[in-house]
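The values are calculated or read from the model by the stated rules, or taken from the named source; none is laboratory data. Computed from a predicted structure; not experimentally measured. With ideal geometry, Cβ positions are generated from the backbone for all residues, glycine too; neighbour counts draw on all protein chains shown. SASA here: full protein model, heavy atoms, side chains in, ligands and nucleic acids out. Shrake-Rupley method; radii C 1.70, N 1.55, O 1.52, S 1.80 Å.
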Amino acid sequence: MDGKNTQSMELVKRQTRYASFQGLPASMMPGEDLFVAEEDNSLYFTYSGTPNVLEVKDLHYQVNLNDQIPWYEKLAEFKMPWEWGKGGETSAMTNLNVRVSSGQMLAVIGNTACGRTSLLDIITCKDEGGKIKSGEILINGKLTTKQLVKKCVAHVRQDDQLLPHLTVRETLSFIAKLRLPKTFSESQRQKRVEDVIAELRLRQCANTKVGNEYTRGVSGGERRRVSIGVQLLWNPGILILDEPTSGLDSFTAHNLVITLSRLARGNRLVILSIHQPRSDIFQLFDLVLLLSSGTTIYSGTAKDMVQYFSSIGYPCPRYSNPADFYVDLTSIDKRSKEQEMQCLERTRSLAQIFWEKVKDSEDFLWKGHNEENKERTPSEACFMKPHEKIINIDAHETDDLPQGFHQFSVLLRRHISNDLRDLTTLLIHGFEALLMALLIGFLYYGQGGNQLSIQDTIALLFMKGSITPFAVVLDVVAKCHSERAMLYHDLQDGLYSITPYFFAKVIGELPEHCVFVIFYGVPIYWLANLNPQPENFLLNISLLFLIVYCSRAMALWMSALLPTLQMSSFLSNALFTASYLTGGFVIKLENLWTVPFWISFVSFLRWGFEGLMQVQFTDLSYELSVENLTITIPGELIIQNMEMDSYPLFSCYLVLIGISAGFLLLYFLSLKFVKQKSSQDW
């Protein structure tokens with residue numbers, strides 16, 4: 001009976017609150033059609049730190065539209081660098097004032113291009129291409145800085161950037177090892193992970209892959225909860241979310257906002273941007289900020305929004321969603337110049353009316369005449385339950401995070417785990433290497449046990465060292481660009497630094513690289529009946545390993561240096577082609593003119609080809625029949641004729657190691673000093 005009474009009381013509360021938005025008595029609401037989509041009497045986190053207050057005071061923000069155009073597009077328009085930033089300045093926000101405290105959830109709503117995302121980026125110090133002309137943003141009375149934001153603000157972005165082949169529990173576990181202080185034991189980290197899983201309703205999919213658009217995994221709503229869980233692990237006092245319901249169905253979006261409301265009442269400040277929430281989602285908000293063209297149309301409690309607009313002559317029609325109606329009211333219709341000017345004039349008038357009403361208040365919030373239930377926020381009224389179990393979590397220890405080798409070991413395990421789970425890609429790469437080996441090997445297999453001719457052997461050695469490395473370049477470039485957005489966000493969040501990521505990336509790919517070289521090099525060697533001595537076989541495979549690794553290192557550098565996949569692929573192709581043409585097979589090195597001759601000294605295909613020639617022909621002789629005369633040609637003479645004896649064999653290995661190390665150094669410097677953007681538009 002107690003359970004039934006509790007459910008009845010919750011239903012009555014829902015009916016009463018819904019009626020308050022529409023101006024209807026509760027008795028007129030169809031109660032049997034309303035239901036609670038998600039169980040509310042559950043665990044929730046309480047932020048045990050000092051309550052936070054976030055204030056935006058008199059913010060005037062200006063953006064330069066020209067700064068948002070990629071530099072390569074400006075070059076394509078034949079603009080000089082000193083002309084790139086001229087013009088294009090426009091005001092994005094005007095006289096914006098907001099004040100939010102712990103225990104409240106603020107929803108920033110408005111039409112497209114109203115400034116929702118820009119406001120969140122400014123608060124989190126991640127705005128680009130813009131400049132604050134005047135005003136200030138304060139957290140607990142202190143001006144925001146990147147260091148202050150990292151200590152107390154968690155930012156959940158609109159796009160989920162997660163490794164698709166890890167499970168939900170593994171994803172959170174790896175982040176916990178990177179983000180939680182060193183003072184946490186392993187059992188404490190795992191408990192925190194399990195608490196987050198329980199809080200965000202992820203128990204049923206905890207052992208399911210996260211997935212993405214190409215890999216089957218959890219649903220969109222569950223994936224969004226995992227993204228929130230990644231930030232929630234370190235128990236921040238301020239949680240900011242950019243379009244958390246984007247791409248979700250209405251039922252899933254409603255459940256997600258219920259979770260956010262529950263997080264807010266745990267002494268946490270929650271701000272989210274949302275386009276046009278449905279009515280039952282709108283009821284969950286404590287505060288609403290309605291923007292249009294960067295100006296404030298309304299700022300106050302959600303339950304008083306209809307009352308405010310009714311008082312100025314814009315009542316919400318019965319049975320309409322207030323969020324939909326008032327966002328449409330303040331939208332700019334650009335179908336014609338007359339309609340656009342009319343809409344702009346209306347929004348300016350509404351903004352001026354609101355400012356006149358709140359300019360003398362401390363928090364710049366409009367307060368309605370209905371003061372009942374004032375001391376309890378809407379989320380508290382909706383969700384307060386007797387006998388509810390609270391999990392108290394200590395405040396985040398920001399100055400004692402894992403560093404150095406600990407970050408490297410965690411990133412290495414995460415990288416290898418994610419790659420090994422991607423069986424489809426591994427099988428494709430393995431099949432690609434084996435297929436190319438069989439195609440090349442069977443081309444020369446018809447000779448049987450007979451020795452290949454000199455010309456065929458030379459062609460085989462150069463082809464073996466140049467065909468498949470090019471495919472490796474394209475694979476590595478594509479993979480690195482797919483990981484760039486996650487790397488960008490992780491670095492912004494301070495999960496790890498560049499150095500441990502670099503070493504984890506380089507070492508984590510070695511197992512796949514070794515298997516690829518074996519699948520490619522071994523079948524060719526035996527099918528083509530190359531030098532049968534065991535030491536020659538090992539030297540040949542090790543040279544092939546270095547040649548392919550040079551191409552991989554070059555692709556890593558290009559991926560980190562250039563902004564788009566197309567540009568990285570193009571320049572990688574150009575560098576590989578330059579190395580191919582100066583490799584000593586297409587044209588002899590002595591016949592190269594000055595520029596390509598010097599390029600040949602950094603051509604990894606040249607040094608690989610020279611090493612393969614020496615491994616194959618040294619101490620080996622060939623018999624050449626001319627009519628009835630048989631001539632024995634020593635292998636050293638062949639090497640000399642191809643001009644591949646300028647340097648001893650060990651120098652080929654050293655130069656290839658040096659070239660690969662040089663590419664890796666350039667890759668590290670590119671990661672360090674070239675900003676790894678989350679998108680390809682620079």
Self-check item: Only listed residue being of a type in the set (Ser, Thr, Tyr), modelled with pLDDT under 90, farther than 18 Å from residue 301 by Cβ and open to solvent by 20 Å² or more (accessible area, probe 1.4 Å), chosen from 331, 361
Solution: 331
Exercise. Could you please find all residues in segment 629-647 being open to solvent by less than 30 Å² (accessible area, probe 1.4 Å) and part of a helix (DSSP H, G or I)?
Key: 635, 638, 639
Exercise. Look at segment 218-235 and say how many of its residues are part of a loop (DSSP other than H, G, I, E, B) and out of contact with any His (no Cβ under 7 Å at 6 or more places or on another chain).
Key: 3
Quiz item: Is it the case that segment 562-580 has a residue that's open to solvent by 20 Å² or more (accessible area, probe 1.4 Å) and under 19 Å from residue 520 (Cβ atoms)?
Solution: yes
Quiz item: Within segment 334-345, how many residues are closer than 28 Å to residue 365 by Cα and open to solvent by less than 60 Å² (accessible area, probe 1.4 Å)?
Solution: 2
Practice problem: Please specify each residue of segment 412-451 satisfying the condition of being at pLDDT 90 or above, buried (at least 18 other Cβ atoms within 10 Å of the Cβ) and small (Gly, Ala, Ser). | Solution: 433, 437
Self-check item: Selection within segment 121-134 - at positive phi and either crowded, with 22+ Cβ neighbours inside 10 Å or of a type in the set (Gly, Ala, Ser) (or both)
Solution: 129
Quiz item: Looking at 326, 298, 314, 308, which is the one that is in contact with a Gly (Cβ under 7 Å, 6 or more places away or on another chain), of a type in the set (Phe, Trp, Tyr) and modelled with pLDDT of 90 or more?
Solution: 308
Quiz item: Out of all the residues in segment 168-188, which are open to solvent by 20 Å² or more (accessible area, probe 1.4 Å) and without any contact (Cβ under 8 Å) to a residue 60 or more places away in the chain?
Solution: 169, 184, 185, 186, 187, 188
Exercise. Those residues that are of a type in the set (Ser, Thr, Tyr), closer than 14 Å to residue 640 by Cα and outside any strand (DSSP E or B), I need them from segment 571-624; list them, please.
Key: 618
Exercise. Could you check residue 650 against (1) open to solvent by less than 70 Å² (accessible area, probe 1.4 Å); (2) modelled with pLDDT of 90 or more and say which number it fails?
Key: (1)
Quiz item: Applying the selection to segment 103-120, what residues are open to solvent by less than 40 Å² (accessible area, probe 1.4 Å) and out of contact with any helix residue (DSSP H, G or I) (no Cβ under 8 Å at 6 or more places or on another chain)?
Solution: 106, 114, 115, 116, 119, 120
Quiz prompt | Filter result (more than 27 Å from the chain's Cα centre (by Cα), open to solvent by 10 Å² or more (accessible area, probe 1.4 Å) and either over 30 Å from residue 198 (Cβ atoms) or without any contact (Cβ under 8 Å) to a residue 24 or more places away in the chain (or both)) within segment 276-303 | solution = 293, 295, 296, 301, 303
Quiz item: Which members of segment 538-561 meet the condition of being open to solvent by 30 Å² or more (accessible area, probe 1.4 Å) and within 22 Å of the chain's Cα centre (by Cα)?
Solution: 557, 561
Quiz item: Name the residues in segment 176-202 that are of a type outside the set (Asp, Glu), out of contact with any Lys or Arg (no Cβ under 8 Å at 6 or more places or on another chain) and over 17 Å from residue 239 (Cα atoms), would you?
Solution: 178, 181, 182, 183, 185, 187, 188, 190, 191, 192, 198
Practice problem: Please enumerate the residues belonging to segment 227-275 that are open to solvent by less than 10 Å² (accessible area, probe 1.4 Å) and basic (Lys, Arg). | Solution: 262, 268
Quiz prompt | Failed item in (1) of a type outside the set (Phe, Trp, Tyr); (2) open to solvent by 40 Å² or more (accessible area, probe 1.4 Å); (3) over 30 Å from residue 321 (Cβ atoms), with residue 153 passing the rest | solution = (2)
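Which ones in segment 203-217 are part of a loop (DSSP other than H, G, I, E, B) and in contact with a Gly (Cβ under 7 Å, 6 or more places away or on another chain)?
208, 210, 211, 217
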Self-check item: Residues of segment 199-211 satisfying the condition of being open to solvent by 10 Å² or more (accessible area, probe 1.4 Å) and modelled with pLDDT of 90 or more
Solution: 203, 204, 207, 208, 209
Self-check item: Meets criteria (of a type in the set (Phe, Trp, Tyr) and surrounded by fewer than 19 Cβ atoms within 10 Å (Cβ to Cβ)) for residue 309
Solution: no
Practice problem: Within segment 315-367, track down each residue that is of a type in the set (Gly, Ala, Ser), in contact (Cβ under 8 Å) with a residue 60 or more places away in the chain and in contact with a Lys or Arg (Cβ under 8 Å, 6 or more places away or on another chain). | Solution: 323
Quiz item: Taking segment 168-218, which residues are aromatic (Phe, Trp, Tyr) and farther than 23 Å from residue 151 by Cβ?
Solution: 214
Quiz item: Can you name the residue in segment 516-544 that is among the small types (Gly, Ala, Ser) and part of a helix (DSSP H, G or I) and, of all such residues, is nearest to residue 433 (Cα to Cα)?
Solution: 521
Quiz item: Residues 626, 595: which one is free of Cβ contacts under 8 Å to residues at least 40 places away in the same chain, closer than 23 Å to residue 573 by Cβ and either more than 53 Å from the chain's Cα centre (by Cα) or exposed (fewer than 15 other Cβ atoms within 10 Å of the Cβ) (or both)?
Solution: 595
Quiz item: If the Cβ limit is 8 Å and pairs must be 6+ apart or interchain, which residue in segment 476-505 that is on the phi > 0 side of the Ramachandran plot pairs with which residue that is assigned to a helix (DSSP H, G or I)?
Solution: 494/150
